[in-house]
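Trainee: Okay, here's the structure, questions in a sec.
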Amino acid sequence: MYWRYGQEPCRVRQHNPDYEEGTMKLRVFKMLAVFAALAVLGAGATGCGDDAGDASVQEPAPEPVAPADPEPEAAAPAEPEPEPAVPSEPEPVTIEVTNWHTTEEQFGAPFREIVADFEAKNPGIKVELVDLPWFGTLENLTVRAAGGDAPDVALLSEFWVPSLAAQGALQPMNDLVPVDTLSSLEWARGSLLDPYTFNGELVALPWYVFGFSLVYNKDILAQAGYDGPPATFDEFEEQIAAIAALDGDIIGLGADFSNGAGAGQQLYRWIWAYGGDVFDGEGNVVFDSPEAVAALTALADLQASNGDALTVGINTYAAREVFANEQVAFLGEAAWIRSILRDLSGQGEAFDDSWGVAPWPSGVDGTSIPSVSSHVWAIFKQSDHPEESMAFIDFLVSNAEHQETWAEVFGSTPVFQDQMGFAIFDDPYYTPFLTALENGRTLPLHPQEPVVATTLATAVQEALAGGDPEEALARAADTSRRILGQ
């Protein structure tokens, strides 16, 4: 035995063999009793699975059976899919186009047909044509542009372009004209593009060009003793004087010698023939030069010798009517004159035998210098539809079919070189007009040209009424210089 420090010693039980044996027997007996009880319980548990077992043992309850799924109900008929909405057509854009052709009986219907074809090929664009007579077009458009009521597109004479461009009224076209169209005009840039380009901006596109030639009445020349038209200005003035001396109030030259810009522009051709000019290369007024004085003096002398030498006081339209009545010997006209005279005479094609066409007479240096002009289309800056406006202009300029139709009706020359081979130009009638394009000159393209021409017209009127040509030109030139700030 042992003890710990600070505790009392423990008493150790001594080994007793008899005690241990009795205790062991008791434990064995208890274990046997437990095993016997377990055996009885095991037999009862085995009877639970025997059909002949104790009836007091209940059968286990059957497992619940899940109810059968109900028959699916018939599906309701599907609603029809709504048809997709058809997008509505956009409203067409309307562009206002001013022109003078619809005021002319012989040209109005063909032009409307061309416009109708454009609308058919471009259903998104409608064209509203507005009639403006030639005389008064520039004034009308100038006022409308200043008042904020300009049209989308306007047909212009080329010498109106500088004035409207200086007003700031015209839309630059550089980014609007199709590249192919510009390329087709490059062959004659100097006459087809440059005159309508200001500060690098193209503001008008030529529709057609035309050269002026001398139109003469065959019977009247024969009455005056001439076999054919004059070739030089000396012969021209001689024949005018001889015809004016005939009985029957026959007039020598029919031209616009009224009091508007037209009279001044008529004098341009005479000034060129005498070697002068209206403006110099820097835009300065020079129509009071000795050459210009000689030109106006020649006209004044013709009128002074016989009051029937010139159609004084009437415009171009009236002069044509007098020619159609066979009372005028000469006109300066473009190829459109044939259809005009057929209409005015009331004789149709039969009237063609009464007159002919010759090159414009050559001047003092032996060169024929006819005037060349063109009609152009422009878009105004106030337009809300510049792209649609350009589509219309390009259609007129580039469509070969309609250019050929217009050449037949109007006598114009297309601006595309590959369109100048139309069969119509094989007609000898067109030869003088086409030749005029080679040596001709355009009217001065100056912003103030209409004002200068009107001022010059006062000098023409004064000289034809008996005034001194030199003094009349000097006063008109001084007035023009003041207007231009020169």
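Trainee: In this structure, does Gln403 turn out to be among the polar types (S, T, N, Q), crowded, with 19+ Cβ neighbours inside 10 Å and within 23 Å of Ala378 (Cα to Cα)?
Mentor: When the stated conditions are applied, Gln403 passes them.
Trainee: Would you mention how many residues in segment 455-474 are more than 17 Å from Asn284 (Cβ to Cβ) and surrounded by fewer than 20 Cβ atoms within 10 Å (Cβ to Cβ)?
Mentor: Of the residues in that region, 9 qualify.
Trainee: Answer yes or no: is there a residue in segment 142-152 that is on the phi < 0 side of the Ramachandran plot and in a strand (DSSP E or B).
Mentor: no
Trainee: Please state which of the following conditions Ser383 fails to meet, knowing it meets all the rest: (1) part of a strand (DSSP E or B); (2) in contact with a helix residue (DSSP H, G or I) (Cβ under 6 Å, 6 or more places away or on another chain).
Mentor: With respect to (1) part of a strand (DSSP E or B); (2) in contact with a helix residue (DSSP H, G or I) (Cβ under 6 Å, 6 or more places away or on another chain), Ser383 is out only on (1).
Trainee: Further question on the same structure: Tell me, which residue of segment 94-140 that is among the hydroxyl-bearing types (Ser, Thr, Tyr) and assigned to a strand (DSSP E or B) is surrounded by the fewest Cβ atoms within 10 Å (Cβ to Cβ)?
Mentor: Thr94
Trainee: Which residues, counting only those in segment 459-472, are closer than 20 Å to Leu253 by Cβ and assigned to a helix (DSSP H, G or I)?
Mentor: Residues satisfying the conditions are Ala459, Val460, Gln461, Glu462, Ala463, Leu464, Pro469, Ala472.
Trainee: Is it the case that some residue within segment 317-340 is surrounded by fewer than 19 Cβ atoms within 10 Å (Cβ to Cβ), polar (S, T, N, Q) and in contact with an Asp or Glu (Cβ under 8 Å, 6 or more places away or on another chain)?
Mentor: Yes, segment 317-340 has at least one match.
Trainee: Now for a different question. Given the criterion more than 28 Å from Gly136 (Cα to Cα), in contact (Cβ under 8 Å) with a residue 60 or more places away in the chain and of a type in the set (Gly, Ala, Ser), identify the matching residue among Ser412, Ser389, Ser398.
Mentor: Ser398
Trainee: Kindly indicate which of Ser191, Ser184, Ser163 is among the hydroxyl-bearing types (Ser, Thr, Tyr), under 19 Å from Thr435 (Cα atoms) and assigned by TED's automatic domain parsing to the domain that holds Phe135.
Mentor: None of the other options fit; the residue is Ser191.
Trainee: Restricting to segment 433-454, give me the number of residues that are part of a helix (DSSP H, G or I), crowded, with 18+ Cβ neighbours inside 10 Å and out of contact with any Gly (no Cβ under 8 Å at 6 or more places or on another chain).
Mentor: So the answer is 2.
Let's see how each residue does on (1) in contact with a Phe, Trp or Tyr (Cβ under 9 Å, 6 or more places away or on another chain); (2) not aliphatic (A, V, I, L, M):
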residue	(1), (2)
Thr405	no, yes
Phe422	no, yes
Tyr429	no, yes
Gly440	yes, yes
Ala457	yes, no
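The values are calculated or read from the model by the stated rules, or taken from the named source; none is laboratory data. Computed from a predicted model, the values in this text were never measured in an experiment. All Cβ positions, even for glycine, are placed from backbone atoms using ideal geometry, and neighbour counts span all protein chains on display.
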